[in-house]
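Structure first, then comments.
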Amino acid sequence: MMGLSGLLIISILMWVASFINGATDSSDACALNNLYSSMNSPSQLTGWSASSNDPCGQSWKGVTCSGSRVTEIKISGLGLSGSIGFQLASLTALNELDVSNNNLGDTIPYGLPPNVQRLNLAGNNFNGAIPYSISQMTSLNLLNLSHNHLQQQLNDMFGNLASLSTLDLSYNSIPGNLPESFSSLTSMSSLYLQNNQFTGTIDVLANLPLENLNVENNQFTGWIPQQLQSINIQTGGNSWSSGAAPPPPPGTPPAKINHPKSGNTNRQSGGSGGNKSGIGGGAIAGIIISLLLVGAIVAFFLIKRRSRRSSPDVENLDNQPFTSLSSHEVHEMKPVQISSSNNMKKSETAASINLKRPVSVHQKSFDEDDFSNKPVVTKKLTPVPQNVKSYSIADLQMATGSFSVDNLIGEGSIGRVYRAQFGDGKVLAVKKIDSSVLSRYPEDFTEIVANISRLHHPNVTELVGYCSEHGQHLLVYQFHKNGSLHDFLHLSDEYTKPLTWNTRVKIALGSARALEYLHEVCSPSVVHKNFKSENILLDAELNPHLSDSGLASLISDANQAISHNACAPEVADSGQYTLKSDVYSFGVVMLELLTGRKPFDGSRPRAEQSLVRWATPQLHDIDALTKMVDPELEDLYPVKSLSRFADVIALCVQPEPEFRPPMSEVVQDLVRLVQRSNMSKRTVGNSSRQFENPDSIDGSV
Ligand SMILES: *[C@@H]1O[C@H](CO)[C@@H](O)[C@H](O)[C@H]1NC(C)=O
């Protein structure tokens, strides 16, 4: 009923919208008409026309609009020929133009979309020069001109492209030296110049915040600047000067732009001025004084930036383990160098300070610094922490009866789980990871162990120990007496009491808190990737404990999407696991709790096989809802509570990930639900089946 009227309203809105926006902006339409005829009116471009004036209203292949403006043209790899016309400059709302990998030719026209962020003309037959109009395209973020026939020297036209972070000019025939204005590319992180005919040195790149640089197969000479030696760099096929240490670059003024990753303390800079250049004492003093001055300016910006940081943010950082205020300050005054400490010596000689953009440049090293300060999961942290025990295979064999079938308690996508009883009477759960899983994922097992051992939450299954011997990899966890929620709900026999409504709410809330912890407390966030009722274990009091947390890296995306019946639509489509796909899976578990049905049940009539598809349209209809409820509940639930529960589900299983709420919001909703139903708990049957104390799920914490 609701669904139908909703649909009606939406279609009316769409009709009205189409009426209002009607035709495409006329100059956009004109530009596309011109583009189409310049490409010889290719039939591959379905919907396109050289005269029709409404690319936004009709659906033109590869064209995206916002309102009446064209915002994206993506027509890559369609075998298009001809040229791209001369009217693109009127596409002032265009963000992205991708005509890569076609057979388009001629020179690149001067008239290009002025506000474009991503311009991809790669893999065509464009020749001549790069048009000077590009120098005005200040929004440009990615420029890909690779695999063309450009053969003119680069003009000095890069001075205003401060947003450009990826530039690919590879596989052309561009001659000449790199222009001076390359040094203004202050966002440049990936630069591809390979397979051209560039000459001269690459000194002008020394101070860019590069992460990837390929200059292979050119005619470069000189030395590779030290600042670039620690990044991902490819330099083969050039005529580099040999010899140990490069001389100070001739003609380079003493205090120029600093590589943002290199140190900039006064001490370092002062040292460099004195040692290397062999200038007289007065000049040294002058340099030192000016460097001190510059240092003071930089420090001023540092302090300013720091104080601009919102205070909760600072508190937040300071509360994190391993991070104290003082260590922070130390890092801030000495940004960098952490990863490339072996280059410390060398960089000292080159250290100088960026006068031009101190704030933005340092911002970058700050962010890196903040990140490196987070108590995480970096590659270096491999030592296994003290709080988990290392078991031998022999121990575990003994405890599980040589991994006998009798002790098998579960089987998941990455291995089997056994009940293990130890000599001292202790019972634990042992997860034996399939060897194929770990060989597929070369990530260090001890690193995985270290990561899981850092997770501590009352609703997350605690790792007790591990075993890594003879090529076997096992994880030892707390054992939870009541098994998985899945089995409890779907495989119960007449001896198991059905879960009461309050217990179901308690399980939902506890599991929500576990996910909230992984998503919003852990840093960086942990995507669970495998949230399902099989992975919610129930202890003796039926409190939920989320298992398999921190194992996402072992889960093969493709297999997972197939085996996981409750995965979000975007995961099924593209294998994209995010926090929001976890939220979706959480909604599915709530649906299981509400209906007592499995996410997928082939034994039901076709329309009811997929739980989400069957249940979601009925979540807002209270009559339908009371018919959907697990019959095992025998109507022992407060209707208000039920409908609020259903409201939360509806939020979580929305098809658009961006509309699903964060887990903290879900937790809040469930807490409120519990508080309200506690106030009116007399309406719930006081039946003997209430085997938990409803007060135990109060919303405190
Ligand atoms: C540029 O385009 C070419 C051809 O499609 C592609 O191979 C290359 O990876 C692209 N470069 C970047 C940096 O994306």
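Only the coordinates and a few stated rules stand behind these numbers; no lab work does. Bear in mind that the values here come from a model prediction, so they are computed numbers and not experimental data. As a convention, Cβ positions derive from the backbone with ideal geometry for all residues, glycine included, and neighbour counts pool all protein chains shown.
Once the chain from Ser187 to Ser392 is taken as fully extended at 0.36 nm per residue, the excess over their C-alpha distance is 68.7 nm.
With both labels modelled 7 Å from their Cα along Cα-to-Cβ, the His149 to Ser51 distance reads 3.4 nm. Taking region 635-657 and a reference point 7 angstrom along Cα→Cβ of Ser574, the backbone N atoms nearer than 16 Å belong to 655-657. Distances between every pair of Cα atoms in region 468-557, grouped in 10 Å steps from 0 to the bin holding the largest one, split as 15, 42, 30, 11, 1 percent.
Spacing of the modelled spin labels on Ser402 and Glu469, each 7 Å from Cα toward Cβ, amounts to 1.6 nm. One Cα centroid belongs to region 112-151, the other to region 183-235; the line between them spans 19 Å.
Going by average Cβ density within 10 Å per residue, which order do the peptides 28-38, 96-106 take, highest to lowest? Display every interim value, and only then the final one.
Values: 28-38: 21.5, 96-106: 19.1.
Sorting 28-38, 96-106 by mean packing, highest first, produces 28-38, 96-106.
The length gained on full extension between Ala607 and Ser66, counted as 0.36 nm times the residue separation minus their Cα-Cα distance, comes to 191.1 nm.
Which FRET efficiency, nearest 0.05, do Leu491 and Asp434 yield, Cβ-Cβ r, R0 25 Å?
Working: r = 24 Å, r/R0 = 0.95.
In this case the efficiency is close to 0.60.
Ranking of Val612, Val653 by neighbouring Cβ atoms within 10 Å, starting from the fewest: Val612, Val653.
Subtracting the Cα-Cα distance of Gln219 and Glu656 from 0.36 nm times their residue separation leaves 152.2 nm of extension gain. For Met590, Met157, the sequence from fewest to most other C-beta atoms within 10 Å is Met157, Met590.
Computed from the Cβ-Cβ distance with R0 of 22 Å, the FRET efficiency linking Val521 to Glu665 stands at 0.90.
Arrange the following residues from fewest to most other Cβ atoms within 10 Å of their Cβ: Lys61, Lys529. Spell out each step's value before the answer.
Numbers: Lys61 15, Lys529 23.
Taking fewest neighbouring Cβ atoms as first place, the list is Lys61, Lys529.
Students often get this wrong: which residues of region 95-112 have the backbone nitrogen under 19 Å from the point 7 angstrom along Cα-to-C-beta of Ser27? So the set is 95-97, 109-112.
Given 4 °C and 1.567 mPa s, how large is the Stokes-Einstein diffusion coefficient of region 136-228 in µm²/s, with Rh as the Kirkwood radius over Cα pairs? Walk me through the numbers on the way to the answer.
Numbers: Rh = 13.1 Å.
In µm²/s, the coefficient rounds to 99.
Put a dot 7 Å past the Cα of Asp539, heading toward its Cβ, do the same for Ala624, and the two dots end up 3.9 nm apart.
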